[in-house]
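Step one of this worksheet: look at the structure below.
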Amino acid sequence: MKIAIGSDHAGFALKESVKKHLEEVGGFELADLGTYDTKSCHYPVFAEAVANAVASGEAQFGILCCGTGIGMSMCANKVKGIRAAAVSDCFTAEATRMHNDANVLCMGERTLGPGLANRIVDLFLHTSFEGGRHQTRVDMMMALENK
Ligand code: RB5
């Protein structure tokens, strides 16, 4: 499974810790689209890069880290085909896959410890979309892009 991952300076340490976790777990091909240090930068740049990788099919899922996860999710959701969720608990990590078919996970380094973030990542990547009535709603959600 290919995963595109990115952060701004405020999410850099969390991105590195998630990368290390996924490398230890194994089975993932990671494309790190930056940023590559803690120098102040602009989160929309990295949100767009990761969102484009997912929207084009180059990556199956995206992971974005910033201070809160919120700015990244707002930006990623501007890209057609993206369903990004800012997640800070385990229940929501599963629910957004099961019900929303989320394809980008956004997390905040200032709101999450690395242990909880790793658990959220595992749940997000291993939970399947339930389809059925949720597919109808996801189709309606995506139709909003063309209105
Ligand atoms: C950077 O200071 C911070 O605003 C950014 O990482 C993010 O939290 C925005 O939503």
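The values are calculated or read from the model by the stated rules, or taken from the named source; none is laboratory data. The structure presented is a predicted model; accordingly, all values stated were derived computationally and were not measured. Cβ placement follows ideal geometry from the backbone for every residue including glycine, while neighbour counts extend to all protein chains displayed. Surface accessibility is based on the protein's heavy atoms, side chains included, excluding ligands, DNA and RNA. Shrake-Rupley method; radii C 1.70, N 1.55, O 1.52, S 1.80 Å.
Being open to solvent by less than 20 Å² (accessible area, probe 1.4 Å), farther than 21 Å from residue 144 by Cβ, at pLDDT 95 or above and within 14 Å of the ligand (Cβ to nearest atom) narrows it down to one residue among 106, 65; which is it?
Residue meeting the stated conditions: 65.
Go through segment 70-103 and count every residue that is away from the ligand (no atom under 14 Å from the Cβ) and part of a helix (DSSP H, G or I).
Of the residues in that region, 9 qualify.
Just to check your reading of the model, which residue among 95, 55, 102 is more than 22 Å from residue 6 (Cβ to Cβ) and without any contact (Cβ under 8 Å) to a residue 40 or more places away in the chain?
95
Given (1) loosely packed, with under 14 Cβ neighbours inside 10 Å; (2) charged (D, E, K, R); (3) without any contact (Cβ under 8 Å) to a residue 60 or more places away in the chain; (4) within 22 Å of residue 12 (Cβ to Cβ), identify the lone condition not met by residue 119.
(1)
Could you tell me which of the residues 58, 48 is surrounded by fewer than 23 Cβ atoms within 10 Å (Cβ to Cβ) and assigned to a loop (DSSP other than H, G, I, E, B)?
Among 58, 48, only 58 is surrounded by fewer than 23 Cβ atoms within 10 Å (Cβ to Cβ) and assigned to a loop (DSSP other than H, G, I, E, B).
So is residue 11 surrounded by 14 or more Cβ atoms within 10 Å (Cβ to Cβ) and in contact (Cβ under 8 Å) with a residue 40 or more places away in the chain or not?
Yes; evaluated as a whole, the condition is true for this residue.
Go through segment 104-121 and count every residue that is part of a strand (DSSP E or B) and touching a His at 6+ places or on another chain (Cβ under 9 Å).
Counting residues in segment 104-121 that are part of a strand (DSSP E or B) and touching a His at 6+ places or on another chain (Cβ under 9 Å) gives 0.
When only residues in segment 122-147 that are free of Cβ contacts under 8 Å to residues at least 40 places away in the same chain, under 30 Å from residue 20 (Cα atoms) and touching a His at 6+ places or on another chain (Cβ under 9 Å) count, which is surrounded by the most Cβ atoms within 10 Å (Cβ to Cβ)? It would help to see each step written out before you state the result.
Taking segment 122-147 as the starting set, the residues that turn out to be free of Cβ contacts under 8 Å to residues at least 40 places away in the same chain are 123, 126-137, 139-140, 143-144, 146-147.
Restricting the remaining residues to those that are under 30 Å from residue 20 (Cα atoms) gives 123, 126-130.
Remaining after also requiring touching a His at 6+ places or on another chain (Cβ under 9 Å): 129-130.
On the way: 129: 16, 130: 12.
Restricting to residues being free of Cβ contacts under 8 Å to residues at least 40 places away in the same chain, under 30 Å from residue 20 (Cα atoms) and touching a His at 6+ places or on another chain (Cβ under 9 Å), the top hit is 129.
Would it be correct to say that residue 34 is in a loop (DSSP other than H, G, I, E, B), modelled with pLDDT of 95 or more and open to solvent by 10 Å² or more (accessible area, probe 1.4 Å)?
When the stated conditions are applied, residue 34 does not pass them.
Tell me, which residue of segment 14-31 that is open to solvent by 40 Å² or more (accessible area, probe 1.4 Å) and outside any strand (DSSP E or B) is farthest from the ligand (Cβ to nearest atom)?
27
What do you reckon, is residue 41 part of a loop (DSSP other than H, G, I, E, B), within 10 Å of the ligand (Cβ to nearest atom) and in contact with an Asp or Glu (Cβ under 7 Å, 6 or more places away or on another chain)? Before the answer, list the steps.
Numbers: part of a loop (DSSP other than H, G, I, E, B): yes; within 10 Å of the ligand (Cβ to nearest atom): yes; in contact with an Asp or Glu (Cβ under 7 Å, 6 or more places away or on another chain): yes.
Yes: the conditions hold for residue 41.
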